[in-house]
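All remarks here apply to the structure that follows.
Bear in mind these aren't lab numbers, they're just calculated from the coordinates by the rules spelled out. Only a predicted model underlies this, so the values are computations on that prediction, with no experimental measurement involved. Cβ: placed from backbone, ideal geometry, glycine included. Neighbour counts: every protein chain shown.
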Amino acid sequence: MDLWFEEFQTNDMVISCRVLRTLHQEKTPFQNLAVIETVEFGRMLVLDNVIQTTVKDEFVYHEMITHVALNTHAKPEKVLVIGGGDGGAVREIVKHRSVEEVVHCEIDGAVIEASKKYLPEISCALDNHKVKIVVDDGIKYVRNNKKSFDIIIIDSTDPVGPAEGLFSAAFYQDIFDSLRDDGMFVAQTESPFFNGSLIRRINKDVSGIFPLTRLFLGNIPTYPGGLWTFTMGSKKYDPLDVDITKIKEMETKYYCPAVHQSCFVLPPFVKTLLD
Ligand code: SAM
């Protein structure tokens, strides 16, 4: 008998993947966690029945949420990742030689442990000597660490449960205060097809706090609609001013100098969200 995993990506739309086996399932203090092996996308991390990452398409999200900012900042040394318990963002960040320390603040230690065990190709840098893991609420962490970071990456779940506050104006103000004077942040900000009003509100909030706000896009097959947004707030550097001929070569599968520029080209229906 065929076994299928189903995620209701909206109330009226389902993504369904054929499952080979369930590798892990547990109820943590924060969420239901599962790692399943699918035919199409390989191993998949699922939280509260929502796909977080898969071995097949994770590279798009993890490269885009990190390299755009790390190649925009003049010398990123200290980076904070909030969420991202699978370790994919951390793996990309430590590819940058200027980075001296990555603080990884994930609220749910069980996500880190399951990723280490079942998703080694994604979590492989979590034991890197530059990485300091803090199991705590990212909202609390930024409130207590002012002017500490060059870059902050908000690699969160959807804006419900413990991640809800990671999409609030008050949190963006705390992020501003946690960044050094030339710092910047990038957050995953959901689907332009299904979360337009959220994206519009985030853009307004971030623009009211940071001198520069930029929205950019990536294509992630397992996320609702495929097309995904990332929002950057920056105190000084503009990703569009980067001389892309000077971006250092590194092993990536989606991000490259041309994509650094093209990801800021917004189709009109996305652009109107920023008006
Ligand atoms: N790429 C994914 C997506 O958009 O579906 C996100 C992946 S990552 C696994 C998201 C992580 O954020 C989860 O492990 C969750 O536990 C963590 N998280 C949620 N709220 C948090 C908070 N307030 N502080 C720190 N981590 C949080």
Checklist entry - Rounded, prolate or oblate: which fits the stretch 53-138, taking a ≥ b ≥ c as square roots of the Cα gyration tensor eigenvalues, rounded meaning a/c under 1.5, else prolate when a/b beats b/c? => result oblate
Checklist entry - When DSSP assigns beta bridges and you keep just the ones with both residues in the stretch 26-185, what percent turn out antiparallel, to the nearest 5? => result 40 percent
Next on the checklist: Would the stretch 177-275 count as rounded, prolate or oblate if I go by the C-alpha gyration tensor, calling it rounded below 1.5 in a/c and otherwise prolate when a/b exceeds b/c, oblate otherwise?
Outcome noted: oblate
Item to check | Cβ-based net charge around Pro192, under 15 Å, with every Lys or Arg adding one and every Asp or Glu removing one | outcome: +1
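What net charge do the residues around Met250 carry, taking every other residue with its C-beta under 10 Å from that of Met250, with Lys and Arg at +1 and Asp and Glu at -1? Could the numbers behind the result be given before it?
Working: positive: Lys95, Arg97, Lys248; negative: Glu63, Glu92, Glu249, Glu251.
Value of the local net charge: -1.
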Next on the checklist: Suppose R0 equals 22 Å. What FRET efficiency, 1/(1 + (r/R0)^6) with r the Cβ-Cβ distance, do Val14 and Asp48 give to the nearest 0.05?
Outcome noted: 0.90
Checklist outcome for this item: Taking Cα pairs closer than 8 Å and at least 6 residues apart, the relative contact order of the chain in percent is 16 percent
Next on the checklist: Through the Karplus equation 6.51 cos²θ - 1.76 cosθ + 1.60, θ set to phi - 60°, convert the phi angles of the stretch 180-188 into ³J(HN,Hα) values in whole Hz; use x for Gly and Pro.
Outcome noted: 5, 5, 10, x, 8, 10, 10, 10, 6
Item to check | Estimated FRET transfer efficiency when R0 is 30 angstrom, pair Phe193-Val265 (beta carbons, to 0.05) | outcome: 0.95
Checklist entry - Looking at the square roots a ≥ b ≥ c of the eigenvalues of the Cα gyration tensor of the stretch 1-80, which shape do they give, rounded for a/c under 1.5, prolate if a/b is larger than b/c, or oblate? => result prolate
Checklist entry - With θ set to phi - 60° and the Karplus curve 6.51 cos²θ - 1.76 cosθ + 1.60, what are the ³J(HN,Hα) couplings of the stretch 243-257 in order, to the nearest whole Hz, using x for Gly and Pro? => result 7, 5, 6, 9, 5, 5, 5, 8, 6, 9, 10, 10, 6, 7, x
Checklist entry - Can you give the FRET efficiency for Lys147 and Met1, using 1/(1 + (r/R0)^6), R0 = 45 Å, r = Cβ-Cβ distance, to the nearest 0.05? => result 0.20
Checklist outcome for this item: Given unit charges at Cβ for Lys, Arg (+) and Asp, Glu (-), the dipole magnitude of the chain about its Cα centre in debye, nearest 20, is 640 debye
Checklist entry - What are the residues whose amide H is under 5 Å from the amide H of Leu227, where those residues sit 5 or more places off or on another chain and H is modelled from the backbone? => result Ile220
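Within the P(r) computed for the stretch 58-274, what percentage of the Cα pairs occupies the region above 23 Å? Kindly include the intermediate steps, with their values, before the conclusion.
Numbers: 9434 of 23436 pairs.
For the stretch 58-274, the share of Cα pairs beyond 23 Å comes to 40 percent.
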Item to check | Paramagnetic reach from Ser207 (point 7 Å along Cα→Cβ, amide N under 18 Å) across the stretch 231-259 | outcome: 231-236, 238-240
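Excluding Asp57 itself, calculate the net charge of residues whose Cβ lies under 13 Å from the Cβ of Asp57, where each Lys or Arg counts +1 and each Asp or Glu counts -1. Could you put the intermediate results ahead of the total?
Details: positive: Arg43, Lys56, Lys253; negative: Glu40, Glu58, Glu63, Asp86, Glu121.
Neighbourhood net charge equals -2.
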Next on the checklist: Can you compute the charge dipole magnitude of the stretch 177-231 about its Cα centre, using +1 on each Lys and Arg Cβ and -1 on each Asp and Glu Cβ, nothing else charged? Give it in debye, rounded to the nearest 20.
Outcome noted: 200 debye
Item to check | For the chain, share of DSSP beta bridges that run antiparallel, in % to the nearest 5 | outcome: 65 percent
